[in-house]
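Enquirer: Just passing along the structure, written as structure tokens.
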Amino acid sequence: MSKTYHLTTPLSDEDVSMLNSGDIVYLNGTIYTARDAAHKRLVDLLDAGKELPFDVKGAVIYFVGPTPPKPGDPIGSAGPTTSYRMDSYSPRLIAEGLKGMIGKGKRNKDVTDACQKHKAVYFGATGGAGALLGKQIKSAEVIAYEELGPEAVRKLEVVDFPVTVINDTYGEDLYKIGRSQYEVK
Amino acid sequence: MREIAYEEIVKNVRDIIVYSASNLPEDALQAMKDAYENEKSPVSKEVLKQLLENADIASSEARPLCQDTGLAVFFVKIGADVKVVGGLLKDAINEGTEKGYVEGYLRASTCEPFSRANLKDTVGYNLPAIIHLYIVEGDKIAIEYAAKGGGSENVSRARVFPPAAGKAGVIEYVKECISDAGPNPCPPLTVGVGIGGTFEKAVISSKHALFRNIGSVNEDPEMAEMEVEIKEVLNKLGIGTMGMGGTETVLAVHIESNPCHIASLPVSVNVQCHSSRHTHITI
Ligand code: SF4
């Protein structure tokens, strides 16, 4: 049965180990945004032995490229983007201590293996619910790669940001479990 | 000759872009409500509820439904008796697009294919628009517009089959496309299928099929029947809303079929996510 949790970042090994595929989590605290272009730069920094623009230990990265904020708002609409484009970069960040990723869609085996090995989870947020999800973001600040526009790295403060555990630390996958229950062969 | 001012086209295009970004059209909204009623999986039902709530917030607070406000795609039919004064039709559509995306606080998503450099400061904000232009009879301009997001576009595909593949081959191809896509294109989906013509004709037909209102019946009875059949096949895949598992994976299948070469059977599948932002106007 799916359980509901409220968690505050940074996440610990204990936090992520108690989660199972299908659980609903309301995230609070700081999360960071990055898409493909930013991921490439983050991994290039690691390869060059340099420091990342934020502390990746216990961090949660949200794969999102928001719309521009209207005057007075911290951010525009901000739903998840398709995650497989980050598959070639995520395992490296997970090995460095990344504990959570938020996106939509399937991940490859390298990512799910890394989730099991280093204890990290992949959360799904509802794709196309950008207006609703944007309202759970209380502040946003570009901290790196401003020139990438929507793809810049932002530091977000979120309150009860709703996500579902897709891949847990035990190798389970909600997309497979859910589909097998309703597939008519 | 009827004269239509360049500025009038710019304004109309700007307005439909801003409106569409935060208001799901009636047909798509109804289809989502029906999906919510019919869905058997509690998880998918919950997500559908979230999406209906999102549609509500978007329209009442004029916020974009989705952060991917898409590339702007137009099918434009200009009457042979229309003269656009003050500039070119294509320029007017592009200018209206840029205005709409800037003034609506929408995302600029066009970039160079390899350097991935955003084109907002070079070519223009979310430019160029994708414009399919046709000359028809009459003295009006009919504009069909859709904001096409990347998630669903990325799982679309096309192929030229040998004629022997037949209907069964086409159905299997569509099934494979949607099955492989799984959660990625943000289901529940509208599936546009272009059949026949040449390679590019099939692709353009599959795109245009997505502009048809969900719930409308194909004028060709044979295609209408095939649409129902494919929809049933796809809903048996069990993908559900956002891939969480469920009975409502596809809201509609729309087919556009064309005569083709005796040697080939081109097929294209263009996928539309649940955020089906499409509209049309006539000037
Ligand atoms: S596929 Fe559609 S709903 Fe999903 S993120 Fe892209 S535009 Fe939005």
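The values are calculated or read from the model by the stated rules, or taken from the named source; none is laboratory data. The structure displayed is predicted, hence computed values, not measured ones. Positions of Cβ are backbone-derived with ideal geometry, glycine not excepted, and every protein chain shown enters the neighbour counts.
Enquirer: Have a look at B:Ala165, B:Ala146 and point out the one that is within 16 Å of the ligand (Cβ to nearest atom) and at pLDDT 95 or above.
Expert: Residue meeting the stated conditions: B:Ala146.
Enquirer: Could you look through the range A:157-185, keep only residues that are within 11 Å of chain B (Cβ to nearest Cβ) and in a strand (DSSP E or B), and pick out the one that is farthest from A:Val111 (Cα to Cα)?
Expert: A:Pro162
Enquirer: Could you please let me know if B:Val82 is among the hydrophobic types (A, V, I, L, M, F, W, C) and in the same structural domain as B:Ser205 (by TED's automatic domain parsing)?
Expert: no
Enquirer: Okay, next question. Out of everything in the range A:14-57 that is closer than 23 Å to A:Ser139 by Cα and among the small types (Gly, Ala, Ser), what residue ends up being modelled with the lowest pLDDT?
Expert: Among those residues, the one meeting the criterion is A:Ala37.
Enquirer: Okay, next question. Looking only at residues that are outside any helix (DSSP H, G or I) and either crowded, with 16+ Cβ neighbours inside 10 Å or hydrophobic (A, V, I, L, M, F, W, C) (or both) in the range A:35-56, which one is farthest from the other protein chains (Cβ to nearest Cβ)?
Expert: Top of the filtered list is A:Val56.
Enquirer: Just checking, which of A:Leu133, A:Leu148 is within 11 Å of chain B (Cβ to nearest Cβ), in contact (Cβ under 8 Å) with a residue 40 or more places away in the chain and surrounded by fewer than 24 Cβ atoms within 10 Å (Cβ to Cβ)?
Expert: Just one listed residue meets the conditions, A:Leu148.
Enquirer: Separate question: Any idea which residue in the range A:82-100 is farthest from A:Val159 (Cα to Cα), counting only those that are within 16 Å of the ligand (Cβ to nearest atom) and touching a helix residue (DSSP H, G or I) at 6+ places or on another chain (Cβ under 7 Å)?
Expert: Top of the filtered list is A:Arg85.
Enquirer: Now, a different point. Does the range A:3-22 hold any residues that are β-branched (Val, Ile, Thr) and either surrounded by 14 or more Cβ atoms within 10 Å (Cβ to Cβ) or farther than 19 Å from A:Val159 by Cα (or both), and which are they?
Expert: A:Thr9, A:Val16
Enquirer: Looking at B:Gly70 and the list (1) within 14 Å of chain A (Cβ to nearest Cβ); (2) over 23 Å from the mean Cα position of the chain (by Cα), which single condition is not satisfied?
Expert: Checking B:Gly70 against (1) within 14 Å of chain A (Cβ to nearest Cβ); (2) over 23 Å from the mean Cα position of the chain (by Cα), the one that fails is (2).
Enquirer: Among the residues of the range B:201-218, write down those that are outside any loop (DSSP other than H, G, I, E, B) and among the polar types (S, T, N, Q).
Expert: The answer is B:Ser205, B:Ser206.
Enquirer: Still on this structure: Just one of the numbered conditions (1) touching a residue at least 60 places away in the same chain (Cβ under 8 Å); (2) polar (S, T, N, Q); (3) buried (at least 19 other Cβ atoms within 10 Å of the Cβ) is not true of A:Ser77; which one?
Expert: For A:Ser77, the failing item is (1).
Enquirer: Checking the condition surrounded by fewer than 23 Cβ atoms within 10 Å (Cβ to Cβ) and under 30 Å from B:Ala62 (Cα atoms), which residue from A:Gly72, A:Gly97, A:Gly103 passes?
Expert: Only one candidate passes the filter, namely A:Gly72.
Enquirer: Going residue by residue through the range B:74-87, is there one that turns out to be touching a strand residue (DSSP E or B) at 6+ places or on another chain (Cβ under 9 Å) and within 14 Å of the ligand (Cβ to nearest atom)?
Expert: No: the range B:74-87 contains no residue that is touching a strand residue (DSSP E or B) at 6+ places or on another chain (Cβ under 9 Å) and within 14 Å of the ligand (Cβ to nearest atom).
Enquirer: A further question follows. Among the residues of the range B:109-135, how many are in a strand (DSSP E or B) and not β-branched (Val, Ile, Thr)?
Expert: 5
Enquirer: Please find, within the range B:73-126, the residue that is surrounded by the fewest Cβ atoms within 10 Å (Cβ to Cβ) out of those that are under 18 Å from the mean Cα position of the chain (by Cα) and away from chain A (no Cβ under 14 Å).
Expert: Looking at the filtered set, the residue picked out is B:Lys77.
Enquirer: Residue pairs, Cβ under 6 Å, 6 or more apart or interchain, first in the range B:128-157 and within 14 Å of another protein chain (Cβ to nearest Cβ), second of a type in the set (Val, Ile, Thr) and assigned to a loop (DSSP other than H, G, I, E, B). List them.
Expert: Cβ pairs passing all conditions: B:Ala147/B:Thr69.
Enquirer: Kindly provide the set of residues from the range A:118-132 that are within 16 Å of the ligand (Cβ to nearest atom) and assigned to a helix (DSSP H, G or I), ordered by number.
Expert: Correct list: A:Gly130, A:Ala131, A:Leu132.
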